[in-house]
1. Residue 62: modelled with pLDDT of 75 or more and open to solvent by 20 Å² or more (accessible area, probe 1.4 Å), yes or no?
2. What's the total number of residues in the range 183-218 that are of a type in the set (A, V, I, L, M, F, W, C), in a helix (DSSP H, G or I) and within 17 Å of residue 322 (Cβ to Cβ)?
3. Mind checking whether some residue in the range 122-142 is under 60 Å from the mean Cα position of the chain (by Cα) and within 19 Å of residue 85 (Cα to Cα)?
4. What are the residue pairs meeting all of these: first residue in the range 404-416, first residue closer than 25 Å to residue 458 by Cα, second residue of a type in the set (S, T, N, Q) and surrounded by 13 or more Cβ atoms within 10 Å (Cβ to Cβ), Cβ atoms under 9 Å, and 6 or more apart or on different chains?
5. Mind checking which residues of the range 217-256 are more than 22 Å from the chain's Cα centre (by Cα) and either open to solvent by 40 Å² or more (accessible area, probe 1.4 Å) or of a type in the set (Asp, Glu) (or both)?
6. If a residue must be farther than 18 Å from residue 393 by Cα, assigned to a loop (DSSP other than H, G, I, E, B) and modelled with pLDDT under 90, how many such residues does the range 574-628 contain?
7. Before we move on, is residue 431 open to solvent by 50 Å² or more (accessible area, probe 1.4 Å), under 13 Å from residue 366 (Cβ atoms), within 36 Å of the chain's Cα centre (by Cα) and charged (D, E, K, R)?
8. All but one of (1) open to solvent by less than 80 Å² (accessible area, probe 1.4 Å); (2) part of a loop (DSSP other than H, G, I, E, B); (3) over 30 Å from residue 246 (Cβ atoms) hold for residue 134; state the number of the condition that does not hold.
Amino acid sequence: MRIRAGANGARPLLNGPFLNSKGNGEARMSPERIPTVITNGHPTPPDEAAIDTALFAWEWARLLSSTGYVTADRTVVVAELRRWTIRLIDTLGRTPFDPSPGTEIGQALVTLGFGSPIALGRTNALVMRKFLVPADDDRQERVAEIVSFISQGFVRAVRDRTLEEQDAIRSSALLALERARADRRQAELLDPVTGLLNRKGFVAALTDRLATSPPGVLGVCLLSLDGFEPLDRGFGTDVGDELLRTVAERLSARFGGEDDLIGRIGRDEFIVAAIGTKSPTAGQENVLQRVAAAQLAVRAPISLGDRAMVLSPSVGVVSRLTDSAEPETVLRDAGLAGSWARERGTGSIALFEIERATKQVAGLALAAELPGAIGSGRLLAHYQPIVGLRSGRVETVEALARWEHERHGLLEPHAFIPLAQRAGLIDELGRSVLERACRQGLAWNHLLPRGPVVSVNLDPQQLTEPATVRDVVTILERTGLPAELLQLEITEDAALGDPATRSVIRDLAHIGVSLALDDFGTGQAHLARLPDLPALGVHTLKLAGEFLSTQDTQEVSARPEPAPARLTDRLFGAARHHQPPAHSSARRDVLAATIALAHRLGLAVTVEGVKTEQDEALIISMGADHAQGTYYSAPLPVPEAGDYLIRGR
């Protein structure tokens, strides 16, 4: 197309060319700066029309330059605007007139990056200023329409771009959110201190590994860092964290293969797992080799500054066929085995045993039921007579706790007392048994002319609490039992150990109850400590049944015991001492010396574990004051114990 430029008197389409203020026709931009037109591969000097369109494009670009930030080079922008200038001139000169290309021009502005309302306003003003001819109505109408279409295209492009930008922003936000969630999910699976898998991550990784591995043997080692806790508390968590990182690095270096999983699942607990050979025996041997390697890696001294610290891991080991392995169960079993290893001592190893675990889990379930049993009154007391060897009558009864369980029947103390100790329920349990025994003792003393003293065991933990004294006083006041009818039995380790405990014992003596040292000979005390007992207020020394457990009496003791109803015949039979003693001389000498020493200190002596007539004859010959054991009666429930007391008197 030939663009008219005003030759032969024709009116140029560009109204008022880009002339300088002198009006001499000199272009504001020299022809040398106008892009050269290339024709058939040869440069062609621009004609006058080309100069007008280029100048228009440069002016257009200048007006738009301050309306937005465009990354393209200015020359590129001018070239694009010149192309649209030619299109604009072509549109205005066509007959019939079609203004629709104006829409494309408006869209092109936005595409170039000039999407502000100011850019549209300056474009429309430039078009109207350069193309309007005042006396030409047709030209005015055409310019007005083209400006309208430029505006429509511009607005539509801005709207579309806004929607696109909103979609892009929304997509970016969703992508960033998904990445953040993925990072958070990943962080949730890792230990922040060491970078190893945490418990959740370890379970997830082990689940995947079991699902994709061929049949084999899963070996899991739980390492508990013995000695870490005091270092962590003493030097602070920064030092503790550095120790943990060092252990993690050593384990990763030793067990960094594709088949290995390493994690940290507790403050001082690491876990290593691998799937190996299909043979259970060979698999367990491999696991034990890995245990030795893990212990060796961790035991090496760790240098932190000028300190060299040593950790010795105890290890719980689980070895299991993969087709029967469930990750959470494996971790639980490894934890149980780890606790057994720690109980054995520093640096020990314990293999998981299903029988032991079953008993331990049953014990935990039983412990959970214990608070309800205490509150509902299902904890009872059975009573075992303590016979005065001189009077021949029952002078004291020892209250022994029993749990009347709904499913397991009558449980003896060894089945639940340790559970109460570990669960922190021993104080509550002890108060319950003490109050029950005091009420029963008062009832028997109202029933009988000379009722028995009631003897109740105190747990060593109770003796560490000064509140125990207040509890005893409160129970005596609430039940109405006189203090002199209550005897409290304490262990030798408690009585001869901690000074605070001895203070509680002395306070108990001051309220008027009797105190007996129970099971003497089974703890860590020795004869040299016996002189300390009277100063604590202890009146009675109970000698453990081990003093009577000799090889010479095993055959006699093995004979079945008569039913409890006939035990009174033993107590009051006329000829119950006819058999001569048959105990070893060494044990007899120790027993006799202990009884004699106790008497010299002013202590009464009760001998426990009396099972035979020979046992009774022996301790009588040595001057013991009281006897207790199945020779007289096993512990009895309240009705039978009451009948026993009535018949025995």
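The values are calculated or read from the model by the stated rules, or taken from the named source; none is laboratory data. Since this is a predicted model, take the numbers as computed values, not measurements. Positions of Cβ are generated from backbone atoms using ideal geometry, with glycine treated the same way; all protein chains shown enter the neighbour counts. With ligands, DNA and RNA removed, areas are computed over all heavy atoms of the protein, side chains included. Shrake-Rupley method; radii C 1.70, N 1.55, O 1.52, S 1.80 Å.
1. Working: modelled with pLDDT of 75 or more: yes; open to solvent by 20 Å² or more (accessible area, probe 1.4 Å): yes.
When the stated conditions are applied, residue 62 passes them.
2. Count: 7.
3. Checked against the condition, which is being under 60 Å from the mean Cα position of the chain (by Cα) and within 19 Å of residue 85 (Cα to Cα), the range 122-142 yields no hits at all.
4. Taking only residues 6 or more apart or on different chains, the pairs are 413/457.
5. Scanning the range 217-256 gives 234, 235, 249, 250, 252, 253, 254, 256.
6. Residues flagged as farther than 18 Å from residue 393 by Cα, assigned to a loop (DSSP other than H, G, I, E, B) and modelled with pLDDT under 90 within the range 574-628 amount to 7.
7. In short, no.
8. (1)
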